[in-house]
1. Let me check something: with ligands and nucleic acids excluded, how do VAL141, VAL45 order by accessible area (1.4 Å probe), largest to smallest?
2. Express the relative contact order of the chain as a whole percentage, based on alpha carbon pairs under 8 Å and six or more residues apart in sequence.
3. Kindly provide the helix-only [θ] at 222 nm of the chain, computed as the sum of -39,500 (n - 2.57) over DSSP H runs of four or more divided by all residues, to the nearest 500 deg cm²/dmol?
4. How far is helix 109-185 tilted, in degrees, relative to the longest principal axis of the Cα atoms in the chain, given as a value from 0 to 90 rounded to the nearest 10?
5. For each pair in LYS17/LYS40; LYS40/LYS158; LYS82/LYS146, compute the distance between the two Cα atoms and list the pairs where it is over 26 Å.
6. Tell me, what is the 1.4 Å probe accessible area of LYS128, in Å² to the nearest 10?
7. Mind checking the per residue accessible area of the chain for me, 1.4 Å probe, whole number of Å²?
8. Return the subset of LYS70/LYS163; LYS26/LYS165; LYS26/LYS170; LYS70/LYS92 for which the Cα-Cα distance in this structure is over 30 Å, preserving the input order.
Amino acid sequence: TEKAFGDKEMAETEAKKADKEAAIGKLSTQIDSMSAKSAKLKEEVATLQKELSQLASAQAEMDKLRAEEKAVFDTNSAEMKKGVEGVKLALKVLREYYAKDGKSHSPADGAGSGIIGLLEVCESDFSKGLAEMIATEESAVAEYEKESKENEITKATKEQDVKYKTKEAKGLDKETAEATADRAGV
């Protein structure tokens, strides 16, 4: 009777032990899986933060270059506008002078029209140069704004990824701690 009782108790103990070992194995697998996933998420977060840092420095460099280009444009376009106005004023003065009736300039009529023609070419060249400068500046501004918008979108996306992955990694760490405690209890 005692042997039968001992065999029965041993069989029940062996079964309980096997169940507990299976539970420990299952919990160990869950812990390993959650730890690996958490580590992977943390690595992805670190990569995203590095990319965000690079994006911020690239945007700062772009801002600096754009400010320099704008300053050069402002200076050069102001000079070009003054040049165009100066040539226009010279043309006006010369046209008024040669339009007057008077004997003081009649022998120089051919030279006057030559100078006026030369100044008209200069005015045309200055105006063309100014138009090209303005077009280049507008193109640069549009490209800068486009790139800045893309950077903003990328930044927002990556920041959200960092937020969610960090939250998920913390949740996994908490679950891992709970599973470790459960395993220790088993």
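1. The ranking, largest first, comes out as VAL141, VAL45.
2. Dividing the mean separation by the residue count of the chain yields 53 percent.
3. Value at 222 nm, helices only, nearest 500: -36000 deg cm²/dmol.
4. 10 degrees
5. LYS17/LYS40; LYS82/LYS146
6. 120 Å²
7. 71 Å²
8. LYS70/LYS163; LYS70/LYS92, as the Cα separations exceed 30 Å there.
The values are calculated or read from the model by the stated rules, or taken from the named source; none is laboratory data. Model, not experiment: these values are computed from the prediction. Remember, those area values only see protein heavy atoms, side chains included, never the ligands or the DNA or RNA. Shrake-Rupley method; radii C 1.70, N 1.55, O 1.52, S 1.80 Å.
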